[in-house]
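Presented below is the structure to which this report refers.
The values are calculated or read from the model by the stated rules, or taken from the named source; none is laboratory data. Because the structure is a prediction, the values reported are computed rather than measured. Methodologically, a virtual Cβ is constructed for each residue, glycine included, from the backbone with ideal geometry; neighbour enumeration extends over all protein chains shown. Just so you know, the surface numbers come from the protein's heavy atoms only, side chains and all, with ligands and any DNA or RNA stripped out. Shrake-Rupley method; radii C 1.70, N 1.55, O 1.52, S 1.80 Å.
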Amino acid sequence: MPQHNGKILIADDEIPIIEGLKALLEEEGYQIQTATNGRKAFDLLMDNTFNLLLVDLTIPNMNGIQILEALKENNVMTEVVIITGKGTISTAVDAMRAGAYDYLTKPVAPNRLRSIIPKAIEHNKLLLSYHELEEKFRRLTQFDDLIGKSAKMQKIYKMIDAVAVSTANVIITGESGTGKELVSKSIHRRGSRSNGPFIAVNCSAFPKDILENELFGHEKGAFTGALNEKPGCFELAHNGTLFLDEIGEMAIETQAKILRALEERRFRRLGGKEEIEVNVRVISATNRKLSDAVTEGKLREDLYYRLCVVEIEMPPLRERINDIPLLMKEFLKFYNQSNNKKIKGFTTECYDVFLQYSWPGNVRELKNVVERAVVLCQSNKINVSHLPHHLQNISPDKTKAIKLAIGTSLDQAERKIIDTTLESTSNNKTKAAKILGISLKTLHNKLNKYRNK
Amino acid sequence: MTDKELLESLELLSHKLKNPLHSVGINLDVLRVKLKKEKISDKAIYKHLDIVENESHRIQEIVIKFSKYIKMSDAKKKMVNLRKLLEGK
């Protein structure tokens, strides 16, 4: 007798049926648990992993279809076979529509069970291993909230893991929208300070005095309007991480104060007498090239050396083009969920445009473009018309290649190049001549020559 | 008792019979498997097992006939074009 393995839950309110099914399936080698009402069955399914639920449709508390729906809602992947005394088509349709593996009417022949159950369990195991693989792939392509499988990103992930366990100050450089804040959060989360606070300040968002107030706080009465004392971000980030974004935009005087706070691990609030001691790890970020900022006098050299013990340089999106399809897929999934849509993917032309575009706003720009497209798209695929105007202008014509078979003569090749160029300019000869780098007159001459041939 | 009430009682009866029949069928099968496993070869035991199984099948047939009858009387009558029906249109 074949010995199968797999865990099955039998849910029925009739003990003779439960006893019979249990003995029959145990003989086949399955591990069996039983429940006599719907609620109990559902609780067992939530607390354990079963490959299969064999359930009577009319079981008390929660009927078979209700259990099935609750399982789907909770993403429980147990297969469900519903058994019923009512052999009506409509209940069968309901069951299958709710996602049942099969629907059997009583009395069920034992051999029918013997043939269906191994298939259902096999199906479930495939599903489980598929999800396991998907999870593994996700872990390979994602690192906390960062997405990308390119070599450049793999290098970033390694660096994050390496610096997270140290206490070194880290500076993250890279163009706007490359994910500098995500990197800093990831370093915080993976380090020993993960239980402490993560405080982010955008240094370019405040004028100088307000920024200092944000960073260091003030005492009551420090200035007109300072009615209460206010702790600054350095205090709030005690035992945690302080993320200073756009540090290159900070006034030189403020930089001096930050340098002191970093070196002495203490500072005063505005209008305060007492020094406050803090233990803060600072991660900073800038979209400028750091050494340039120093030469331009935008960044104090001493602060530069203090902050930049380790530099993590985020690659712009155009330098990791092979991550673009993955990012498109992930953001589509994300915005499908938040917009309650079921868009399946992108058209080929759309992929072409995404791959050609230079993405000056990097991942943030791509994310916004996908969001916009999801909102506008009424069909099941996003096409070029759902993209912003400046992306639609990346006309696929520009990339259309001219294919020449081996054996083409130079004359024929010239003719083909001219014809195709004219096609792409909608027969505008002036434009075509410009693209081809010849005068309009030469073009006319050549066209006349072809006509006469 | 009206026709409708009669039909409903028949439906209930056939439905109620299905549970014990389902259970008898499965438990008989279990018995057969266990006997084989214990290598019991007393032919008389299998003969009587066969009889019980056949009798349970007979009840099953009756219940199935009932169900079919109930479903048929549930049907609605309407005029159809026989030719179209036969040609599958």
**Complete:** When A:K136 is run through (1) within 12 Å of chain B (Cβ to nearest Cβ); (2) exposed (fewer than 12 other Cβ atoms within 10 Å of the Cβ); (3) basic (K, R), the failure sits at (1)
**Fill in**
Checked the range A:101-122 for anything acidic (D, E) and not in a helix (DSSP H, G or I); matches are A:D102
**Request:** Find the residue count for the range A:329-348, including only residues that are more than 23 Å from A:F137 (Cβ to Cβ) and surrounded by 14 or more Cβ atoms within 10 Å (Cβ to Cβ).
**Result:** 2
**Asked** Quick check, is A:Y157 in a strand (DSSP E or B), at pLDDT 90 or above and either away from every other protein chain (no Cβ under 14 Å) or over 30 Å from A:L54 (Cα atoms) (or both)?
**Response** no
**Request:** Output the residues belonging to the range A:82-108 that are within 14 Å of another protein chain (Cβ to nearest Cβ), loosely packed, with under 14 Cβ neighbours inside 10 Å and not hydroxyl-bearing (S, T, Y).
**Result:** A:I89
**Prompt:** Restricting attention to the range A:37-67, which residues are within 14 Å of chain B (Cβ to nearest Cβ) and among the β-branched types (V, I, T)?
**Reply:** A:V55, A:T58, A:I59
**Request:** Would you mind finding the one in A:L146, A:L113 that is more than 30 Å from A:G272 (Cβ to Cβ), of a type in the set (A, V, I, L, M), within 24 Å of the chain's Cα centre (by Cα) and buried (at least 17 other Cβ atoms within 10 Å of the Cβ)?
**Result:** A:L146
**Complete:** Looking across the range B:34-51 at residues that are surrounded by 13 or more Cβ atoms within 10 Å (Cβ to Cβ) and more than 14 Å from chain A (Cβ to nearest Cβ), the single one that is farthest from the chain's Cα centre (by Cα) is B:I45
**Prompt:** Which of (1) in contact with a Ser or Thr (Cβ under 7 Å, 6 or more places away or on another chain); (2) modelled with pLDDT of 95 or more does A:K149 not meet, given it meets every other one?
**Reply:** (2)
**Item:** Pairs with Cβ under 7 Å, 6+ apart, first in the range B:1-23 and under 20 Å from A:I83 (Cβ atoms) and modelled with pLDDT of 85 or more, second among the polar types (S, T, N, Q) and open to solvent by 30 Å² or more (accessible area, probe 1.4 Å)
**Value:** B:L21/B:Q60
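Considering A:V201, A:V280, which residue is more than 27 Å from the chain's Cα centre (by Cα), closer than 25 Å to A:F143 by Cβ, of a type in the set (V, I, T) and crowded, with 17+ Cβ neighbours inside 10 Å? Reasoning before the result, please.
Numbers: A:V201 fails: more than 27 Å from the chain's Cα centre (by Cα).
Being more than 27 Å from the chain's Cα centre (by Cα), closer than 25 Å to A:F143 by Cβ, of a type in the set (V, I, T) and crowded, with 17+ Cβ neighbours inside 10 Å holds for just one of A:V201, A:V280, which is A:V280.
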**Message:** Considering only residues that are touching a Cys at 6+ places or on another chain (Cβ under 7 Å) and farther than 27 Å from A:S192 by Cα, which ones fall in the range A:221-279?
**Reply:** A:E249, A:M250
**Message:** Out of everything in the range A:366-385 that is touching a Ser or Thr at 6+ places or on another chain (Cβ under 9 Å) and in a helix (DSSP H, G or I), what residue ends up being modelled with the lowest pLDDT?
**Reply:** A:V384
**Complete:** Residue set A:E235, A:E214; condition assigned to a helix (DSSP H, G or I), without any contact (Cβ under 8 Å) to a residue 40 or more places away in the chain and open to solvent by less than 70 Å² (accessible area, probe 1.4 Å); output residue A:E214
**Message:** Quick check on my filter: what residues within the range A:407-453 are outside any helix (DSSP H, G or I) and open to solvent by less than 70 Å² (accessible area, probe 1.4 Å)?
**Reply:** A:T408, A:S409, A:T425, A:N428, A:G437, A:I438, A:S439
**Of all residues in the range B:52-89 being more than 14 Å from every other protein chain (Cβ to nearest Cβ) and open to solvent by less than 70 Å² (accessible area, probe 1.4 Å), the one that is farthest from B:L12 (Cα to Cα)** = B:G88
**Prompt:** Applying the selection to the range A:148-162, what residues are of a type outside the set (D, E, K, R) and more than 16 Å from A:R190 (Cβ to Cβ)?
**Reply:** A:G148, A:S150, A:A151
**Request:** Tell me which of these A:N169 doesn't satisfy, since it passes every other one: (1) at pLDDT 90 or above; (2) over 18 Å from the mean Cα position of the chain (by Cα).
**Result:** (1)
**Request:** Could you list all residues from the range B:16-33 that are more than 7 Å from chain A (Cβ to nearest Cβ) and either among the β-branched types (V, I, T) or touching a strand residue (DSSP E or B) at 6+ places or on another chain (Cβ under 7 Å) (or both)?
**Result:** B:V24
**Item:** Residues (of a type in the set (G, A, S) and open to solvent by 70 Å² or more (accessible area, probe 1.4 Å)) located in the range A:154-192
**Value:** A:S192
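Could you please let me know if A:Q33 is more than 14 Å from chain B (Cβ to nearest Cβ) and over 35 Å from the mean Cα position of the chain (by Cα)?
So A:Q33 fits the description; yes.
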